[in-house]
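The values are calculated or read from the model by the stated rules, or taken from the named source; none is laboratory data. Small disclaimer: the values here were computed from a predicted structure and weren't measured. Glycine also receives a Cβ, built like all others from the backbone with ideal geometry; neighbour counts cover every protein chain displayed. We work out accessible area using only protein heavy atoms, side chains counted, and drop any ligands, DNA or RNA first. Shrake-Rupley method; radii C 1.70, N 1.55, O 1.52, S 1.80 Å.
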Amino acid sequence: MSQDRVNPKIPFASLLEAIPSLTFEGKRQLHALLDEELFQAEADLLDQDPTVQAEVETALQEYKAGDYIPLEEYVERQSEALSE
């Protein structure tokens, strides 16, 4: 199966105009590709965000200090709180 290639110098507006001519399967493939690209871009941005880095570091320190509850216990507490 040959891979379709897109010239990166194609104007964005031209790419948008080409979308309606894609088959349903082509649109699904494009959607999957864009979804993955967006997911990775968002993850990369979060990795570089100082606030997120500080929150992760705080969580790691709390975990190392034993200041956490297992997920099962958290879910149980939430269930009990909702049933009251």
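Observations on the model:
- By the Stokes-Einstein formula, at 1.567 mPa s and 4 °C, the chain with its Kirkwood radius over alpha-carbon pairs has D equal to 73 µm²/s.
- Projecting the Cα atoms of A81, P50, G66 onto the charge dipole of the chain (Cβ charges, centred on the Cα centre) puts P50 farthest toward the positive pole.
- Residues in region 34-46 carry Karplus couplings, in order, of 5, 4, 5, 4, 5, 4, 5, 5, 5, 4, 4, 5, 5 Hz; the curve used is 6.51 cos²θ - 1.76 cosθ + 1.60 with θ = phi - 60°, and Gly or Pro positions show x.
- Excluding the site residues themselves, the longest part of the chain lacking any trypsin sites (Lys or Arg not before Pro) in a DSSP loop with at most 14 other Cβ atoms within 10 Å is 10-84.
- Solvent-accessible area of the chain (1.4 angstrom probe, protein heavy atoms only): carbon and sulfur portion equals 58 percent.
- Computed label-point distance, nm, for sites Y63 and L45 using a 7 Å Cα→Cβ extension: 2.5 nm
- Taking all protein chains into account, the per residue accessible area for region 5-84 stands at 94 Å² (1.4 Å probe).
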